[in-house]
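A short worksheet on the structure shown next.
The values are calculated or read from the model by the stated rules, or taken from the named source; none is laboratory data. Quick caveat, the model's predicted, so the values are computed rather than measured. All Cβ positions, glycine included, derive from the backbone under ideal geometry; neighbour counts span all protein chains shown. With ligands, DNA and RNA removed, areas are computed over all heavy atoms of the protein, side chains included. Shrake-Rupley method; radii C 1.70, N 1.55, O 1.52, S 1.80 Å.
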Amino acid sequence: MARLESEIAEQRASETLATTDRQTTIVTVGELLVEFVSHEKDCALERIVDYSGPYPSGAPAIFLDQAARMGASTSMVGCVGDDGFGRALLGRLREDGVGIDAIQVAPNLTTGTAFVTYHKDGSRDFIFHLQSTAAEHVVFSPEAMPAGDLVLHVSASSLGPPALRAAILDAVEAVLDRGGRICCDPNARPELMRDDEGKKALEMIVAKSFCLMPSTSDLGFLFPGETEEAAIEHLLSGPAEIVAIKRGSDGASVVRNGERHDVPGHRVDEVDPTGAGDCFCGTLIALLMQGGPLLEALRLANAAGALAVTRRGPMEGNSSPDELTRFIESGTAPGGEQPT
């Protein structure tokens with residue numbers, strides 16, 4: 001009986017989303033950059049080693065690219081330079097179906113860049129070149145927003161630079177004024193959030209979001225010393241209707257209106273973990289905004305995060321619904337070896 005009631009509640013929630021959000025456009029505002037990835041671990045970005053790139057990157061762009069590949073209507077607000085890096089970014093986003101009409105091209109600025117290397121313990125070092133580049137030259141205009149219902153996704157990694165933070169906060173107010181909704185990945189990278197203003201902006205956005213998608217480490221950042229269950233209760237005590245917890249290789253969980261689902265992780269060979277959380281979030285929100293059931297959205301989002309780490313480059317592991325379904329059914333990454 002309890003199972004039947006749960007299935008009925010799931011069906012009703014899905015019908016509501018499908019009815020109200022069919023034409024919803026998912027919007028992001030933030031940095032667009034290209035990334036160069038070291039092929040050698042533990043080089044600490046201080047030794048001469050081989051790098052690959054330029055890979056299209058930027059947390060909001062990775063998220064939105066994945067959402068578009070999952071069939072969602074999307075619109076990106078950002079800025080690139082009039083150079084090869086900028087053209088690489090625009091070309092990838094356009095190819096994957098991302099709405100790029102609100103992306104500006106700054107003729108006198110260069111496209112933002114980042115360099116990353118990994119360590120054998122799984123940690124990573126970044127050097128970002130965003131200041132005085134097109135990546136921070138983002139001006140939000142409400143008139144640039146598409147018609148219809150809107151969901152604005154905010155990645156906390158974009159809240160560090162003051163110019164980006166101001167544009168995002170303007171977008172939050174504009175979307176809410178239009179009756180839209182906010183979702184947030186509290187992805188607070190220390191490299192990009194070094195001042196109290198960034199933390200205050202994150203707290204404000206969290207308090208206005210209908211969907212929150214933190215990792216377990218984000219919970220520790222937001223609620224130091226609290227248990228995971230207590231942190232989830234804190235998040236659900238506000239306007240948040242959905243809280244999804246990213247656990248990396250240990251899987252993921254989602255909670256909504258007393259309904260909870262947990263899924264295990266996938267065994268894959270990790271090549272490049274950057275962007276995995278963005279893929280998870282992009283998949284989850286895209287499917288929910290298209291009326292997908294909560295458990296199915298979680299299963300595919302969890303698979304998307306796992307697939308993302310199997311390719312070098314933060315956007316190279318983005319995936320389609322068919323690829324995710326085959327991966328879940330077979331346990332094998334496309335073009336890869338059987339996980340061990």
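Data overview
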{"item": "Exposure rule at most 16 other beta-carbon atoms within 10 Å, DSSP loop GluC sites (Glu not before Pro): the chain longest free segment", "result": "47-190"}
{"item": "Accessible area (Å², per residue) of the chain, counting only protein heavy atoms and a probe of 1.4 Å", "result": "43 Å²"}
{"item": "Theoretical gain in end-to-end length, Ser141 to Arg326 [0.36 nm per residue, Cα-Cα removed]", "result": "62.5 nm"}
{"item": "Percent carbon-and-sulfur accessible area, the chain, ignoring ligands, DNA and RNA, probe 1.4 Å", "result": "49 percent"}
{"item": "Largest-first ellipsoid semi-axes for region 216-340, taking √(5λ) over the Cα gyration tensor eigenvalues, angstrom", "result": "26, 16, 12"}
{"item": "Heavy atoms of Leu32 accessible to a 1.4 Å probe, total area in Å² rounded to 10", "result": "0 Å²"}
{"item": "Relative compactness, the chain, computed as alpha-carbon Rg over 2.2 N^0.38 Å", "result": "0.94"}
{"item": "Helix-only mean residue ellipticity at 222 nm for the chain, each DSSP H run of n ≥ 4 adding -39500 (n - 2.57), per residue, nearest 500", "result": "-11500 deg cm²/dmol"}
{"item": "Sorted largest first, extent of region 103-216 alpha carbons per principal axis (Å)", "result": "46, 40, 24"}
{"item": "Contact order relative to length of the chain, as percent, for alpha carbon pairs under 8 angstrom and 6 or more apart", "result": "19 percent"}
{"item": "Amide H partners (placed H, <5 Å) of Leu33, local residues excluded", "result": "Ser57, Gly58"}
{"item": "Set Lys120/Lys200; Lys41/Lys246; Lys208/Lys246; Lys41/Lys208 screened for pairs whose C-alpha atoms are more than 30 Å apart", "result": "Lys120/Lys200; Lys41/Lys208"}
